[in-house]
Each structure stands twice: as C-alpha cells, then as structure tokens.
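A.B. asks: My questions all concern the structure below.
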Amino acid sequence: MENTKEPFYGYLFAHFIGEQEDGEQIYFALSQDGLHWQDLHQNQPVLRSTIGEKGVRDPYLLRSNDGNKFYLMATDLSIYHRGGWQESQATVTGSHSLIIWESSDLINWSEPRMVEVAPKETGCAWAPEAIYDEEEDDYLVFWASSIVASNGKEKGLHIYASKTRDFRTFTPSELYITRGEHRTIIDTTIMKAGGMYYRASGDGQITIESSERLMGEWKIISTLESLGLGLTGKDVEGPEFFKFNGEEKWGLLVDQYGTNRGYLPLVTTNIGDTTGKCWRKPAADEYSFGRLKKRHGTVMPVTKSEYDAILAKWG
C-alpha cells in the first residue's frame, strides 16, 4: 500500500510534451478529480536532465512503500537532439540507462543520476515503471529493450526487469515479458487491485493480463478492442494505470498517438472485467488535460498538504 498519514486528496501528473527543444523534460500538472488537469510552472519543465542524452521521456513517479520518499524514473532519450525519429536509430543505439531523481517532499529533488539497467546486447531502455513487491520487500523495475532476433535481421522489443531496494543498486536484468523474438511488447504498466495484479502493455493491442504474483504466471484476460472500446495498438499507446482516490474505480490513460490527440482516460470499476460492462470511455466534455500536450506520463495520488505545497511552489 502507499503509506501516508493523510488521506489522498488529488493527483500529480508527470509527463513530457514532445520532440522539441525542452519538450523532452519533466513537466508537472495537478488535478483534484483525476480527469481535469492544471498545467504548472508556466508551462515550463520542473526538472531537467543535464546528463546522458540531455532529454527524458516516459517518466514514472513512485511513492516508496514506507511513504518517506518519491522516485522519478525516465527514459534517457532525446529524439530532438538526435535529429528526429527518422535520423535517430533510437532502438539500436539507445541508452542502456534510466535517469532517476528522488525527493522526500515532491518539491526538493536530487540531481538526476544515470543507472545502467539494460543487458549489453540490447539496443535501448524505454518507458520504465516500478511497483513494490510485497512478497520480496523490494521493488520490481521494468522497461522495454530491443534485441535482434536469432536470424540476425529482425528486431523485437521485450520487457526486461530488475529488482532494487534503493533505486541505486539493481539486480542483473532478466527477461520479464515477451511475445516472441520477432514481436514487440512495450509500455507495460502494473496495478494491484482487489488482491490481484493487472498489467497493460502495447503489443499490437493494448493487452491486459492478470496474476496473483508479480513474478508468477500471468494470463491474458482482455484487450481494449475485446472490451468493446474500439481501440487497438494502431490508435493508442503508453497505457498508464492509476486508482481514483476514495473509491473502487481505476483509470487507464492511453496516448492517442494515431490521431495526435493526446491522452484519453478510460475508467473501470473492475480491471478484471472481460465483458466491457465495467469499462467506460468518458465523453470529451468529461475531462480536460490542460493546454500542454501530455505525452507518456504517470499519475500519482497526493495528499492535501502535498497538493497545496506543489501548487504553492509551481502554480
């Protein structure tokens, strides 16, 4: 559980905005309901990476299990500095490191540090996330890395994972999820709900799986298409789970990269539902992501005092 002495009040969104100068840095937004967002810091980055590729994407924000620390991880990648996607070769020559910041109050942040996690034979380390493993009393950190198939020609992306207790030292990475050596799976997000773990990943669909244990057997239970939401991996990417405060309701944010329309929130009262009856796509007038286009980001519940402090600092 995320431990705080106060009840949760609102939500903090960390994200990047795109492939432009200063676009691949960390931006913050706040919300009281998880659906309507206020951009902070006069639409400027709150944190900048000055190391590695000097740009970060796909941030993930985590409250430590004891509630005393926050960790912010991101992909070490700047498509802007690489000259655009066409020139970038990002899956072949990408950084093997994650960029990590830490804080005790969400206001004062450490300098960014690089932690090498991806296996030597891979081509990148993308879209990191982490979740506390109650069985092992450590954190499972996972990301996507590319590897050339055994025929030496085709390349797939697979999810690799490592364990850590302090986000400084990590166990050697291991393959965590694959759809086969020629296929790609990316952008995994994991949530615990009702005693089960659920993960959503981009693998041509946005596919949802369930398991009783983080390191146990997982089974595919649905896709956003099978749930009747009319969304495939051609339409959306970057799935991100979060829980609504004070109710049995979860959000799954997906980035509508296919139409360049930014984020779409999906809402469910049961992630494990396979019929689609518990899932809903809110109407366009039920949510607002603010002025900045939010790209692959992360939502974390915050208390009233945390919310007020963030607003006072960057509002």
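Quick note: the coordinates plus some simple rules give every number you see, no bench work behind them. These numbers come from a predicted model, not from an experiment. Note: ideal-geometry Cβ built from the backbone for every residue, glycine included; neighbour counts use all protein chains shown.
A.B. asks: Over the Cα atoms of segment 157-236, what Rg and Dmax result, in angstrom?
C.D. replies: 13.8, 42
A.B. asks: How large is the helix-only mean residue ellipticity at 222 nm for the chain, computed as the sum of -39500 (n - 2.57) over DSSP H runs with n ≥ 4, divided by its residue count, in deg cm²/dmol to the nearest 500?
C.D. replies: -1000 deg cm²/dmol
A.B. asks: Send over the per residue convex hull volume for segment 1-121, Cα only, as a whole number of Å³.
C.D. replies: Taking only Cα atoms, segment 1-121 has a hull volume of 127 Å³ per residue.
A.B. asks: Modelling each spin label as a point 7 Å along the Cα-to-Cβ direction, I'd like the Asp133/Leu35 distance in nm, to one decimal.
C.D. replies: It is 3.7 nm.
A.B. asks: Rounded to whole Å, give me the distance from the Cα center of segment 52-70 to that of segment 141-164.
C.D. replies: Cα centres, segment 52-70 to segment 141-164: 22 Å.
A.B. asks: May I pose another question? Arrange the following residues from fewest to most other Cβ atoms within 10 Å of their Cβ: Cys278, Cys124.
C.D. replies: Cys278, Cys124
A.B. asks: For the cross-link pairs Lys69/Lys293; Lys69/Lys243; Lys163/Lys219, which exceed 24 Å when the distance is taken from alpha carbon to alpha carbon?
C.D. replies: Lys69/Lys293
A.B. asks: Using 0.36 nm per residue, how much length does the chain from Ser150 to Glu21 gain when fully extended, once their Cα-Cα distance is taken away?
C.D. replies: Extra length from Ser150 to Glu21 when fully extended: 42.7 nm.
A.B. asks: Any chance you could tell me what percent of the C-alpha pair distances in the chain go past 32 Å?
C.D. replies: Percentage above 32 Å: 21.
A.B. asks: Can you work out the FRET efficiency for the pair Ser110 and Met215, with r the C-beta to C-beta distance and R0 = 35 Å, to the nearest 0.05?
C.D. replies: 0.75
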